[in-house]
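The values are calculated or read from the model by the stated rules, or taken from the named source; none is laboratory data. Since this is a predicted model, take the numbers as computed values, not measurements. Cβ placement follows ideal geometry from the backbone for every residue including glycine, while neighbour counts extend to all protein chains displayed. The protein model used for the area step is the full one, side chains on, heavy atoms only, and it has no ligands, DNA or RNA in it. Shrake-Rupley method; radii C 1.70, N 1.55, O 1.52, S 1.80 Å.
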Amino acid sequence: YHINSSFPEDVVEEVKTLPMEVREEDLKGRRDLRDKVIFTIDGDDTRDIDDAISIDKKENGNYILGVHIADVSYYVKEGSPLDKEAMDRGTSVYLVDRVIPMLPHELSNGICEGKLVDYDIFESVIKSRKQMTYKKVNSILEKNIVPEGYEEFADDLREMEELATILRKAKTKRGYIDFDVDEPKILVDENCKPTDIVLRERGLGENLIEDFMIAANECVATHI
């Protein structure tokens, strides 16, 4: 299909000029959330780490859910080689064992009834405390076994599961259809030859992230 797995030299050179850490000048106009407990949850073999979550619970029982989405547009300036190349590609391409990205990996890799009572949409700076995996999160939520390095986050994860359950019940009540169909996962060897096809596992962690991302999307869509 003539999908190019490498990037042109001018795009590579532009990426080299991008900062790999947040600078003081990047903080202008953004709320600093780096003191909050924020983390990511993805699959073991994830290629994109671009959204993160956080949670707080108020004294009145309300939850404050934070869904933090990577602001790639901050680094992709209109008319730049990066921008033009992304326009040509149109989308990332997900293959069995790899992703051919639209943007270079440096950029592509943050009430009981479930009623939204308030929201705030703003630009921010975050610091992810841990890159979590679904497998280890599910160990906590489904088996109450806390893997090493997850101890300080276990209570937050359990609180997130409480909220996710509330959100899912509210969605079901208003007519949400759960398309929970079996999804295949193709295993390949080092030569990219398929060796097996297994069922992709979906646990409480996967459902939790789905519920939170849908909540964020609905919030933004309603706002717009």
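For segment 25-49, what are the residues that are over 21 Å from E159 (Cα atoms) and open to solvent by 60 Å² or more (accessible area, probe 1.4 Å)? Let's see the steps before the verdict.
The initial filter retains those residues of segment 25-49 that are over 21 Å from E159 (Cα atoms), namely 25-32, 44-49.
Once the filter is applied, which keeps residues that are over 21 Å from E159 (Cα atoms) and open to solvent by 60 Å² or more (accessible area, probe 1.4 Å), segment 25-49 yields E25, K28, G29, R31, D32, D44, D45, R47.
Going through E106, E13, E85 one at a time, which residue ends up being open to solvent by less than 50 Å² (accessible area, probe 1.4 Å), farther than 22 Å from I121 by Cα, not in a loop (DSSP other than H, G, I, E, B) and not hydroxyl-bearing (S, T, Y)?
Numbers: E106 fails: open to solvent by less than 50 Å² (accessible area, probe 1.4 Å); E13 fails: open to solvent by less than 50 Å² (accessible area, probe 1.4 Å).
Every option except E85 fails the conditions.
Filter segment 147-199 down to the residues that are under 27 Å from A215 (Cβ atoms) and touching a strand residue (DSSP E or B) at 6+ places or on another chain (Cβ under 6 Å), then identify the one that is modelled with the lowest pLDDT.
Only one residue tops the list, namely D182.
Report, ordered by the first and then the second residue, all pairs with beta carbons closer than 8 Å, sequence separation of six or more or different chains, a first member in segment 52-71 that is assigned to a loop (DSSP other than H, G, I, E, B), and a second member that is of a type in the set (K, R) and open to solvent by less than 40 Å² (accessible area, probe 1.4 Å).
Every condition considered, no pair remains.
If we scan segment 16-35, do we find a residue that is in a strand (DSSP E or B) and at pLDDT 85 or above?
Of the residues in segment 16-35, the ones in a strand (DSSP E or B) are 31-32.
Among the residues that remain, those that are also at pLDDT 85 or above are: 31-32.
Yes.
Quick one: in segment 62-111, which of the residues that are closer than 16 Å to M20 by Cα and small (G, A, S) is modelled with the highest pLDDT?
Among those that are closer than 16 Å to M20 by Cα and small (G, A, S), it is A70.
Any residue in segment 101-109 that is out of contact with any strand residue (DSSP E or B) (no Cβ under 6 Å at 6 or more places or on another chain) and over 28 Å from V72 (Cα atoms)?
Of segment 101-109, the ones out of contact with any strand residue (DSSP E or B) (no Cβ under 6 Å at 6 or more places or on another chain) are 101-109.
Now narrow it down to the ones that are over 28 Å from V72 (Cα atoms): none.
Taking every residue of segment 101-109 in turn, none turns out to be out of contact with any strand residue (DSSP E or B) (no Cβ under 6 Å at 6 or more places or on another chain) and over 28 Å from V72 (Cα atoms).
Could you name every one of the strands (runs of 3 or more DSSP E) located completely within segment 125-224 that has at least 2 residues being aliphatic (A, V, I, L, M) and surrounded by 13 or more Cβ atoms within 10 Å (Cβ to Cβ)?
Values: elements: 128-133, 184-188, 194-199.
In segment 125-224, the matching strands (runs of 3 or more DSSP E) lie at 184-188.
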